[in-house]
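Beneath this line is the structure, given in structure tokens, with notes to follow.
Here, each number is a calculation from the coordinates, and none is a lab measurement. Since we're looking at a predicted model, the values are computed, not measured. Here the Cβ positions follow ideal geometry from the backbone for every residue, glycine too, while neighbour counts run over all protein chains shown.
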Amino acid sequence: MTLFALSLCGVSAALSFGRSSVRMASGDLNAAQRAFEAKSGGRVFETLVEYPCVFKIKVIGRDDPSFVDDVVSYIGRVTDTAPANISFSTAASRQGTFVSVSVEAPVANANELYECYSVLRNDPRVKVAL
Ligand SMILES: *[C@@H]1O[C@H](CO)[C@@H](O)[C@H](O)[C@H]1NC(C)=O
């Protein structure tokens with residue numbers, strides 16, 4: 001089964017923000033890419049991520065009985081992976097109205113990654129997908 005052979009997007013990258021250059025450890029890479037993407041408005045996932053890889057997506061949304069399962073199924077559908085084989089963890093907000101879901105999306109290419117975010121952001125319960 002290839003899933004376990006996938007890299008965890010463990011490339012390190014040097015990103016340039018204006019005049020400063022920041023070198024990131026692999027654990028910070030997702031955050032770095034998101035920041036870079038936001039600043040550049042570009043499709044940075046195409047150039048900075050090696051595929052296939054497991055990309056950790058953090059989703060915060062309104063908690064209801066099906067929200068977590070729905071998030072995992074969205075990722076399963078986009079990545080053509082059985083939901084049972086997608087790792088995720090959850091944390092409820094203190095008030096219990098929101099839940100944060102960290103999903104490990106086994107993406108084959110940049111399009112799948114963009115599609116994951118697009119599908120998630122189309123769900124009205126989703127407040128943030130990072
Ligand atoms: C999940 O992965 C395992 C091991 O790689 C595989 O044997 C199994 O068929 C998969 N489960 C589903 C529901 O596809």
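With the crude spin-label approximation of a point 7 Å out along Cα→Cβ, what separation in nm comes out for Ala82 versus Tyr114?
Result: 3.1 nm between the two label points.
Of Thr47, Thr79, how do they rank once you tally other Cβ atoms within 10 Å and put the fewest first?
Thr47, Thr79
Net charge near Ser66: determine it from the other residues with C-beta under 14 Å of the C-beta of Ser66, scoring Lys and Arg +1 and Asp and Glu -1.
-3
Work through the residues other than Pro106 whose Cβ is under 10 Å from its Cβ and net out their charges, Lys, Arg +1 and Asp, Glu -1.
-3
Could you check the simple spin-label distance between Ser102 and Ser73, using points 7 Å along Cα→Cβ, in nm with one decimal?
2.5
Going 7 Å from the Cα of Glu46 along its beta-carbon direction, which residues of the range 99-121 have the amide nitrogen within less than 19 Å of the resulting point?
What the label zone holds, given the 19 Å backbone N cut-off, is 107-119.
For a quick check: sort Thr81, Thr97 by the number of other beta carbons within 10 angstrom, fewest at the front.
The fewest-first ordering by Cβ neighbours comes to Thr97, Thr81.
For the range 56-130, take the alpha-carbon Rg, divide it by the Kirkwood Rh, and send me Rg/Rh.
Computed over Cα atoms, the ratio is 0.95.
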